[in-house]
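Every number in this text was worked out from the coordinates using simple rules, so none of it is lab data. Keep in mind that this is a model prediction, so the values were computed, not measured. All Cβ positions, even for glycine, are placed from backbone atoms using ideal geometry, and neighbour counts span all protein chains on display.
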Amino acid sequence: MFTGIIQGIGTVTFLKKSNNLFTYSVLFPKNLLSNLSIGDSISNNGCCLTITKIENEHITFDLIQETIKITNFSNIKVGDRINLEKSTTLCQPIGGHVMSGHVTCCGKISKVNVDSNSKTICVEVLNKKLMKYFFYKGYIGIEGISLTISKMFNNGFYVHLIPETISKTTLNTKIVGDLLNIEIDLNIQAIVDTTEKIISKKFN
């Protein structure tokens, strides 16, 4: 479980691709190196991945085909910056919202507006069937970051970024055309799916 509050940014230093598996290493920031163990779950750009190897500050993860297909990790390359968050515990505060690290789909940045101290990103949801799970003022996970939807349109949504989010995450370098990992709010998904089932049973 994660909270959507990014704890640091890492850099991809190694990448090996095969047909069914990608293996890559991330140079971790010093503040995240303590108490790491093989098998730990770490959010990488919103995707819950398992540590498979630790070599000093270089932490290695594997990507299976399902993850590669659903997320923007299909385009991963050496030098990419990665939003990182360790899994949370029950005694820690949830500064954002509860996130599973299971990326639902990808979205594409269609517009970026920047003013003196904030940024607004317009995101087009690539799988239109999932639009029923997006709501004005609802929670959304983007690249592992807990954000709030500020405006909706037919095929996507807008989010506003405060200076703290811009400075502490990889969204400060994202441009039009970039793909973003999206995790829909699990509570909203449960409510929508349950409501649809009840209505379907009642009228069919």
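Pull up all non-local amide H partners of GLY138: gap of 5 or more, or a different chain, and H-to-H distance under 5 Å with H placed in the peptide plane.
Residues meeting the criterion, in which the H sits 1.01 Å from N, are ILE149.
State log₁₀ I(q)/I(0) for region 105-195 at q = 0.13, 0.16, 0.22 Å⁻¹ as given by the Debye formula over alpha-carbon point scatterers of equal weight, solvent excluded.
Values returned for q = 0.13, 0.16, 0.22 Å⁻¹ are -0.39, -0.59, -1.10.
Pulled fully out, how much extra length does the chain show between HIS58 and ILE94, if you take 0.36 nm times their separation in residues and subtract their Cα-Cα distance?
Stretched out fully, the HIS58 to ILE94 stretch lengthens by 10.2 nm.
Using alpha carbons only, how many degrees (0 to 90, rounded to 10) separate the axis of helix 186-203 from the longest principal axis of the chain?
Roughly 30 degrees between the two axes.
Could you tell me which of the pairs LYS53/LYS168; LYS30/LYS168; LYS30/LYS53; LYS69/LYS108 are separated by over 24 angstrom between their Cα atoms in the structure shown?
In this structure, LYS53/LYS168 lie more than 24 Å apart at Cα.
List the aspartates and glutamates whose alpha-carbon lies under 16 Å from that of LYS86, not counting same-chain residues fewer than 8 positions away?
Within reach: ASP40, GLU57, GLU143.
Hand me the trypsin sites (Lys or Arg not before Pro) from region 96-166 located in a DSSP loop with no more than 13 other Cβ atoms within 10 Å, in residue order please.
Filter output for region 96-166: LYS137.
Got the relative contact order for the chain handy, in percent, Cα pairs under 8 Å and 6 or more residues apart?
Reported relative contact order: 24 percent.
Would you list, by chain and number, the aspartates and glutamates whose Cα falls below 14 Å from the Cα of LYS151, excluding same-chain residues fewer than 8 positions away?
Within the straight-line limit of under 14 Å, LYS151 reaches these aspartates and glutamates: GLU124.
For CYS48, which sequence-distant residues (separation of 5 or more, or a different chain) have an amide H within less than 5 Å of its own amide H, given hydrogens modelled in the peptide plane?
HIS102, VAL103
Which FRET efficiency value, to the nearest 0.05, do you get for LYS16 and GLU164 by plugging their Cβ-Cβ distance into 1/(1 + (r/R0)^6) with R0 = 35 Å?
Plugging the Cβ-Cβ distance into 1/(1 + (r/R0)^6) gives 0.50.
Please give every one of the aspartates and glutamates within straight-line cross-link reach of LYS17, meaning a C-alpha to C-alpha distance under 19 Å, and leave out same-chain neighbours fewer than 8 residues apart.
Straight-line reach from LYS17, under 19 Å: ASP62, GLU66, ASP80.
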